[in-house]
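Quick notes on the structure that follows.
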Amino acid sequence: MQNIINKLIKIGLAASEARVYYYLLKKEYFTAGEISKLAEVSPSKIYSILSKLEKKGLCTETLGRVKKYSPVNPKAGFEFLHDELKKMEENISELPELLSPIYHSEKGDTNPLDYIKVLRDKNSITRKFESLEKESIREVLSLVKGPLVIDISKPYNQEQFSSLERGVNFKTIYDAECLDTPFLMESIEKFNVAGEEVRIAVKISIPFKMYIYDKRKVMFTLEDKTISETKLTGLIIEHIDLVKGLKQIFDLYWQSSITLEEFKMKENIT
């Protein structure tokens, strides 16, 4: 049951709507009171939920001395929902072109710290990381240590493969201590074969994760050391003088690191 309800939630239904629709499917007619009790939804909210399901084409109301509600056949109901989602996708695809001129227009009351952006949600950090790679046209320099933001057990970062194909130069230094992370060595080798230049920091441990994009922007992902669970903060800074100094730090690490092949020979990795 819960698996079905979770799938309904993933396509956009609220948790209460998903529960009510699931239980509506159990028989031909329900009164609002019956379905409220069965789905364990507050009687004060049940009419609002049924109204929303009706608008989404998933249930119908039968008028009479007592109102009754029936589920719409899932094939018909979700065909209607599919059409609505298609319309939504069309509208979404038009929005970037319509909104970009507004975003890029001159803005008054500029904050002197506007060149610094802070992200505290893991998904937001991942999306920003991928978008910065997509926007890069020349070079991406990375210092990588654990804990990793991206789940590398899933398909590899396709944005980086696309950027490598576009001719963007990727140079990455991995901290040797994080190479026992499952799937990481496999991921590193795939990117290395695709054209990424890889070094391993063995002598000097990498202090923080840093990504430099086109000598113009830098992104840090910093681990919060004040709490027991792993929590990351993303810090994006667009400041050419700062980036210039950080690139010099990257170059020092690059010179003191060893190649992937040297590391594999050293650790006897086949």
Checklist entry - Restricted to the stretch 173-188, and to residues that are of a type in the set (Val, Ile, Thr) and outside any helix (DSSP H, G or I), which residue is modelled with the highest pLDDT? => result Ile173
Checklist entry - Which one of the conditions (1) at pLDDT below 75; (2) of a type in the set (A, V, I, L, M); (3) loosely packed, with under 12 Cβ neighbours inside 10 Å does Ile92 fail to meet, given that it meets all the rest? => result (1)
Checklist entry - Does Leu252 qualify as being out of contact with any Asp or Glu (no Cβ under 6 Å at 6 or more places or on another chain), surrounded by 14 or more Cβ atoms within 10 Å (Cβ to Cβ) and not polar (S, T, N, Q)? => result no
Item to check | Candidate set from the stretch 120-151 (those that are without any contact (Cβ under 8 Å) to a residue 40 or more places away in the chain and of a type in the set (Asp, Glu)); member that is surrounded by the fewest Cβ atoms within 10 Å (Cβ to Cβ) | outcome: Asp151
Checklist entry - Take the residues of the stretch 161-175 that are closer than 17 Å to Ser257 by Cβ and touching a Ser or Thr at 6+ places or on another chain (Cβ under 8 Å): which is surrounded by the fewest Cβ atoms within 10 Å (Cβ to Cβ)? => result Lys171
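What residue, among those in the stretch 20-39 that are among the charged types (D, E, K, R) and at pLDDT 90 or above, is farthest from Val72 (Cα to Cα)? Break it down stepwise before answering.
Going through the stretch 20-39, the residues among the charged types (D, E, K, R) turn out to be 26-28, 34, 37.
With at pLDDT 90 or above added as a condition, the list becomes 34, 37.
Values: Glu34: 18, Lys37: 20 Å.
Checking each candidate, the answer is Lys37.
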Next on the checklist: It is to be established whether one or more residues within the stretch 189-210 are assigned to a helix (DSSP H, G or I), free of Cβ contacts under 8 Å to residues at least 40 places away in the same chain and buried (at least 18 other Cβ atoms within 10 Å of the Cβ).
Outcome noted: yes
Item to check | Flag for Thr221 being surrounded by fewer than 18 Cβ atoms within 10 Å (Cβ to Cβ), in contact with a strand residue (DSSP E or B) (Cβ under 7 Å, 6 or more places away or on another chain) and among the hydroxyl-bearing types (Ser, Thr, Tyr) | outcome: no
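The values are calculated or read from the model by the stated rules, or taken from the named source; none is laboratory data. These numbers were taken from a predicted model, which means no experiment stands behind them. Note that we place each Cβ from the backbone using ideal geometry, even for glycine, and neighbour counts take in every protein chain shown.
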